[in-house]
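For reference, the structure is listed below as structure tokens.
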Amino acid sequence: MRLIQTVGYLAHRETYPTSIVIRIKRNSNASKTLYLGLDVHKAETVIVILESDRDAQPRHYGSIATTQHALERTMRRIAKNQNRTLSDLHVCYEASGCGFWIARRLLQMGIRCEVIAPSLIPVKSGDRIKTDKRDAMKLAKSLRSNDLVAVNIPDATDEAIRDLCRARTDAVDDLRRAKTRLLALLRRLGYNYTGKTHWTQAHMNYLRHLTLPSAAHNQVLEDNLTTVDFHHERILKIEDAMLKLLDGWQRKPLVDALMAFKGFKLVAAMVTISEIGTFSRFEHPKKLMAFLGLVPTENSSGNKQQRGGISKCGNPHARWILIEQATHYRVPPKVSAQLSKRQEGTQRWIRDLSWKTQTRLSHRFSTLRKRQLHHNKIKVSVARELCAFIWELGTKIETKQDSTSKN
């Protein structure tokens, strides 16, 4: 570390001190850093290089194939040509459908790499030209000026569990669509089920014994029933896979602890933990609320204050599951038989936190209901407070795991 001392003399001695000493700490390796902006696409990746010097201008390196071999070879070639080591390279690219495999591989090579949130990249209103080269240059400049916000790079296992949980959500959505198409067919033909509830065993027996006058309609009915059965089996297979993979997952203690909360069974707990990831990276529960997009938008200036709906930024899957789980707290607090069974073997402080969550959120739900707020607004408000309790649970368990691993 090098200490630079600057002494400046000011003209107005009666107002300002005679001399001011400014001490600036700089990294000795900062001048060696080479900033690389990558505009990643499915087939090609555009690379722009920018020196750490303030007056340096970005240089277009060229385009390479978006493959691991081409990426490794190019990074080593750039470091060699610029008389740098791999640790002197600082790479960034936008988060996209290409995933995190580029960042993981570069980090394994010893290269500092960050995945940037696209919605938080600074944009100039007068810049109306957009090309891959310009995008890479913008990334390199913003990276050097530290104007970018990086997203969390999940572990490979965590990402695999997360994709499995999302596959289960997709299967449920496909099942809902298949059921809707089947009911729409029968409604058009004038067949209405007179039972109490759809999709019970009695309703399924009614559909399987139903015979339509047209052979074409019978074929469509049979095809829809087969599709419904297929998606049912698909959901069960995914849930079995989730249960098997949970035993070897490093976040199993956190999933088991979250299942001690009201409304959180296996699927809801695994979806929540896999989507949020590490809780300790959030310094305050408000940071987690903002990450999930549960904080209200605001457009205030001067004495005028105006707040709107929630921002809906960040992770939509975790936001959706937490809002759904908030509905369970509309009733008075109670430890049911199912919840008591899930709490067997859990620590005392986890059960106390679960009860504290129930009492607080149930009272909050009742208070907002008396104010005659819309039901959806109440659920969002309760889900926002639920984040704080989950954050407390996650940070405590992660702290204990870190202390155990160190010992």
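In table form, for the structure just shown:
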quantity: Among (1) farther than 26 Å from HIS284 by Cβ; (2) of a type in the set (Ser, Thr, Tyr); (3) buried (at least 16 other Cβ atoms within 10 Å of the Cβ) - the single one SER340 does not satisfy; calculated: (3)
quantity: Any chance LEU89 is touching a residue at least 60 places away in the same chain (Cβ under 8 Å) and on the phi < 0 side of the Ramachandran plot; calculated: no
quantity: Tally of residues being farther than 16 Å from ARG104 by Cβ and part of a helix (DSSP H, G or I) across segment 125-160; calculated: 13
quantity: Hey, ASN192 at negative phi, modelled with pLDDT of 95 or more and not small (Gly, Ala, Ser) or not; calculated: no
quantity: Close pairs (8 angstrom Cβ cut-off, 6 or more residues apart or separate chains): loosely packed, with under 14 Cβ neighbours inside 10 Å in segment 194-208, among the small types (Gly, Ala, Ser) and in a helix (DSSP H, G or I) anywhere; calculated: GLY195/ALA202
quantity: Evaluation of HIS90 against (1) of a type outside the set (A, V, I, L, M, F, W, C); (2) surrounded by 14 or more Cβ atoms within 10 Å (Cβ to Cβ); (3) within 21 Å of ALA160 (Cα to Cα) (one fails), failing number; calculated: (3)
quantity: Complete set of residues in segment 256-287 that are surrounded by fewer than 21 Cβ atoms within 10 Å (Cβ to Cβ) and in a helix (DSSP H, G or I); calculated: ASP256, LEU266, VAL267, ALA268, PRO285, LYS286, LYS287
quantity: Complete set of residues in segment 94-139 that are in contact with a Cys (Cβ under 8 Å, 6 or more places away or on another chain) and surrounded by 12 or more Cβ atoms within 10 Å (Cβ to Cβ); calculated: ILE102, ALA103, LEU106, LEU107, CYS113, GLU114, VAL115, ILE116, LEU139
quantity: Single match in ALA160, ALA178, ALA171 (criterion: surrounded by fewer than 16 Cβ atoms within 10 Å (Cβ to Cβ), aliphatic (A, V, I, L, M) and on the phi < 0 side of the Ramachandran plot); calculated: ALA160
quantity: Filter pass, ILE153 being under 30 Å from PHE291 (Cα atoms), surrounded by 10 or more Cβ atoms within 10 Å (Cβ to Cβ), touching a strand residue (DSSP E or B) at 6+ places or on another chain (Cβ under 7 Å) and of a type in the set (Val, Ile, Thr); calculated: yes
quantity: Residues of segment 212-240 classified as among the aliphatic types (A, V, I, L, M), exposed (fewer than 13 other Cβ atoms within 10 Å of the Cβ) and under 34 Å from the mean Cα position of the chain (by Cα), total; calculated: 1
quantity: Within segment 352-395, considering residues that are of a type in the set (Lys, Arg) and touching a residue at least 40 places away in the same chain (Cβ under 8 Å), the one surrounded by the fewest Cβ atoms within 10 Å (Cβ to Cβ); calculated: LYS379
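For every residue, the table says whether it meets (1) polar (S, T, N, Q); (2) surrounded by 17 or more Cβ atoms within 10 Å (Cβ to Cβ); (3) part of a helix (DSSP H, G or I).
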| residue | (1), (2), (3) |
| --- | --- |
| ASP39 | no, yes, no |
| LYS42 | no, no, no |
| VAL46 | no, yes, no |
| ARG54 | no, no, no |
| TYR61 | no, yes, no |
| ARG73 | no, no, yes |
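The values are calculated or read from the model by the stated rules, or taken from the named source; none is laboratory data. These numbers come from a predicted model, not from an experiment. Counting neighbours? That spans all protein chains shown, and the Cβs are built from the backbone with ideal geometry, glycine included.
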